[in-house]
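Accompanying notes for the structure given below.
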Amino acid sequence: MFRPINLIILAVLVAGVALVARETMRRGGPTPAEVAAASEQVVIGRTYRVDRGFVQRTGKAPGVAFQIILPKRPEQTHQIGVEELPEGGVVQFNFRAEDEAFLESLFMAPIRIPMGEMDARLGAIGPKLAEQGPALLSQKFEEVTSGEVREIRLGAGEGYRALELTGTYLDPRDEARYTYRFIALPDPARPESLYAVSHVNQAYREIADGDFSDSLTGMALSTLRLTAPPVQDTAGQPGESEEPSQ
């Protein structure tokens, strides 16, 4: 049985914040060349899929599945770490500079949003983003800001209707500042839906007016395609996706 929406959001927010707190202990500033290399607009990279291969590797069949392109052109030097089955989630992608400095992260988790008219589904989840997101960040970080929850289109092609909350915070451990992005995306075909949290190091990239389109995580999310979740009994079959790089 799935938990109520508010408890699910709290759980994935806690997991996402814990992960970024752990990752940011390794951060630092990228070189100008790394910043320029990461600013390419064309999404070229490796396709990551939650599919039969994911089930085979992890032994788990998540309630939500998708494919996404992790941006990296041949001449770019940033690294992409993939952590499957992080606490509370399906996968987390960690983008770092060549010297291991933290650049961005993208945490993706399942969330259940009961079926119904899309306006009603979005209306049910919106207040939870506004109420719980900034409050939770304030438990670990300082100077937390947030905008209004807004509807966006996210993903490949025409995209999916989703809700987004963005803002900033200060990490008191080293006075580093970050921009965050919380996204709730109802799957049009099923109640099991997608929740995503991204964090961007402001020393690496300034996010103006909540526009993440030029960020690595923003480019990745622009390629998102929801797919039918894999089932557990396919775990013994050969996977269709390549092994994730660590």
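Numbers for the structure displayed
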| item | result |
| --- | --- |
| ILE68 of a type in the set (A, V, I, L, M, F, W, C) and open to solvent by 10 Å² or more (accessible area, probe 1.4 Å) | no |
| Selection status of ARG181, open to solvent by 50 Å² or more (accessible area, probe 1.4 Å) and either at pLDDT 95 or above or basic (Lys, Arg) (or both) | no |
| Within region 95-125, tally of residues that are among the small types (Gly, Ala, Ser), touching a residue at least 12 places away in the same chain (Cβ under 8 Å) and either touching a helix residue (DSSP H, G or I) at 6+ places or on another chain (Cβ under 7 Å) or open to solvent by 10 Å² or more (accessible area, probe 1.4 Å) (or both) | 4 |
| Restricting region 133-150 to residues that are assigned to a helix (DSSP H, G or I) and either within 10 Å of LEU165 (Cβ to Cβ) or of a type in the set (Lys, Arg) (or both), the residue that is most open to solvent (accessible area, probe 1.4 Å) | PRO134 |
| Subset of region 60-75 (residues that are in contact with a strand residue (DSSP E or B) (Cβ under 9 Å, 6 or more places away or on another chain) and outside any strand (DSSP E or B)) | LYS60, PRO62, GLY63, VAL64, LYS72, ARG73 |
| Selection status of ALA203, part of a loop (DSSP other than H, G, I, E, B), in contact with a strand residue (DSSP E or B) (Cβ under 9 Å, 6 or more places away or on another chain) and over 21 Å from VAL90 (Cα atoms) | yes |
| Residue identified as modelled with pLDDT of 95 or more, over 21 Å from ARG190 (Cβ atoms) and not hydroxyl-bearing (Ser, Thr, Tyr) among GLU75, GLU84 | GLU84 |
| Unique match (being under 24 Å from PHE182 (Cβ atoms), outside any loop (DSSP other than H, G, I, E, B) and more than 19 Å from the chain's Cα centre (by Cα)) among GLY116, GLY123, GLY81, GLY53 | GLY123 |
| Flag if ALA184 is of a type in the set (A, V, I, L, M), out of contact with any helix residue (DSSP H, G or I) (no Cβ under 9 Å at 6 or more places or on another chain) and either part of a strand (DSSP E or B) or under 23 Å from MET115 (Cβ atoms) (or both) | no |
| Close pairs from region 155-175: first over 19 Å from ALA220 (Cβ atoms) and at pLDDT 95 or above, partner in a strand (DSSP E or B) and small (Gly, Ala, Ser), Cβ under 7 Å, at least 6 apart | GLY167/SER146 |
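The values are calculated or read from the model by the stated rules, or taken from the named source; none is laboratory data. Computed from a predicted structure; not experimentally measured. Every residue, glycine among them, receives a Cβ derived from its backbone with ideal geometry; neighbour counts consider all protein chains shown. Areas reflect the complete protein model, heavy atoms only, side chains present, ligands, DNA and RNA absent. Shrake-Rupley method; radii C 1.70, N 1.55, O 1.52, S 1.80 Å.
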